[in-house]
1. Tell me, what is the 1.4 Å probe accessible area of T43, in Å² to the nearest 10?
2. On a full-extension model of 0.36 nm per residue, what is the gain between H67 and S143, subtracting their alpha-carbon distance, rounded to one decimal in nm?
3. Given the Cα atoms of the chain, and with Rh set as the inverse mean 1/r over their pairs in the Kirkwood sense, what is Rg to Rh to two decimals?
4. At 1.4 Å probe radius, can you tell me the per residue accessible area of the stretch 110-205 in Å²?
5. Gain in length, Q119 to R14, computed as 0.36 nm per residue apart minus the alpha-carbon separation, to one decimal in nm?
6. Leaving out ligands, DNA and RNA but keeping every protein chain, what accessible area does F252 have, in Å² rounded to the nearest 10, with a 1.4 Å probe?
7. Suppose the chain between L133 and S75 were pulled fully straight at 0.36 nm per residue; how much longer would it get relative to their current alpha carbon spacing?
8. Run the reach check for K158 against aspartates and glutamates, Cα to Cα strictly under 14 Å, same-chain hits fewer than 8 apart removed. What comes back?
Amino acid sequence: MDVAFVELTCQNNRVLDVVEKLIPDQRLMSIQFIAGPAHLLLTIAAAEHSLSTFLLTTIGSLDGVLHYSVRSVTSQILDAGRWHFHALPAAKLRSLSQLHKQAFNAGEGAAVKMDTANQALMRELSADGRASLRELAAVAGISPVAAARRVTRLVGGKYITVRCDVARRGSGRSYSAILWGSIPPDRVPTLGEGLPARVPALRLMSSVTGANNIHMVVWLNNPMDLLHVERQLLQSVDGLAIEDRRIVLRTFKYNGVRLNDDGTFGQIVPMAY
């Protein structure tokens, strides 16, 4: 799987046209309108090493696109699935954490072949995380017992991450910012240790290719909070230099779902696993 962040520069009067053409693409996890030299930030998950095809064929033939730049993800330091609002009581949080550990441990280390049945299971779960084993079995053409066994292996092998997303408006974290920074490569493996507790706004951190080797996503109550979060990051990570940042002005597609104007989930576009 090729995972990458792609910045698109478009003709000013064609940005929405480009968005509408890209939303149905199953390789696109997210499409965001950002403040900066580029107009759009795309998050790509291209199966079977097909990132080059996406760039050459899809982006390359898209009217209205003037330029693109690519940062390939080389490792996931902090996964967004581990971030939460701290809205649940401690007892409920411990209970959910234990359930997740049980599911993960049951399938940990199991070899997974991404055959058509597993692809069908992942597509269905990406559309409805509450789907029953009977429903999953029917979609994949297997028995419920086989579906349960396969889902356990997919969770244990980290092919599936279980998470609950909420509409952002009114949540106290209505804004996002993208940060790019640099740090010596030998520091990357231990970067995430204890970082969420020290920088609560930090939702995602990845190592990437390019002039800046760290990509970060923070959730904010207000764009003016960004400077404070940057100071927290610099105080918490020795050797980190933050060299660029973007405020996200609007999110059109998020984790395979087209968002409505108010930020609630609309049309689901299952990912192409």
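The values are calculated or read from the model by the stated rules, or taken from the named source; none is laboratory data. Bear in mind that the values here come from a model prediction, so they are computed numbers and not experimental data. A quick note on method: Cβ atoms are made from the backbone with ideal geometry, for glycine too, and the neighbour counts reach across all protein chains shown. Side chains are part of the model used for accessible areas, which takes the heavy atoms of the whole protein and leaves out ligands, DNA and RNA. Shrake-Rupley method; radii C 1.70, N 1.55, O 1.52, S 1.80 Å.
1. Approximately 20 Å² for this residue.
2. Taking H67 through S143 to full extension adds about 22.6 nm, to one decimal.
3. 0.96
4. 54 Å²
5. Residue separation times 0.36 nm, minus the Cα-Cα distance, leaves 34.4 nm.
6. Rounded to the nearest 10, that gives 20 Å².
7. Working it through step by step, the gained length comes to 17.7 nm.
8. Partners found: D79, E108.
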